[in-house]
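Report on the structure given below.
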Amino acid sequence: MSIGFSVCIILFFNYLYQKNTLENFLLLTGSSASGGQALQHGFLDYLRIKPALAIISLLLLIPVIRWFWKQHNPRVADMT
């Protein structure tokens, strides 16, 4: 996890704490889904992707992997 992401998370929760809304935020978001729903929508739905879409995604991902590993155009790979 990057330092910038960590700082953003800390600032977000600090803001909620200072405004006395942290408890309400946790109550609203903490129990909105069960573990089974999280597993289904976070993992199993990706296994049901249409084959044509998976192939197109893979074809678009191959150049990005090559650019990243060869350190050729790393900024282009990051933007892509």
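The values are calculated or read from the model by the stated rules, or taken from the named source; none is laboratory data. What you are looking at is a predicted structure, and each value in this text was computed from that prediction instead of being measured. Using ideal geometry, Cβ is built from the backbone for each residue, glycine included, and neighbour counts are taken over all protein chains shown. When the accessible area is computed, the model is the full protein with side chains, heavy atoms only, and any ligands, DNA or RNA have been set aside. Shrake-Rupley method; radii C 1.70, N 1.55, O 1.52, S 1.80 Å.
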Taking the Cα-to-Cβ direction at residue 37 and at residue 19 and moving 7 Å from each Cα, how far apart do the two end points lie in nm? 2.4 nm
I'd like to check one number: the per residue accessible area of the chain, probe 1.4 Å, reported in Å² as a whole number. 92 Å²
Check every DSSP H run in the chain and write down those whose alpha carbon atoms cover 18 angstrom or more along the long axis and whose mean Kyte-Doolittle hydropathy is 0.0 or greater. 3-18, 51-70
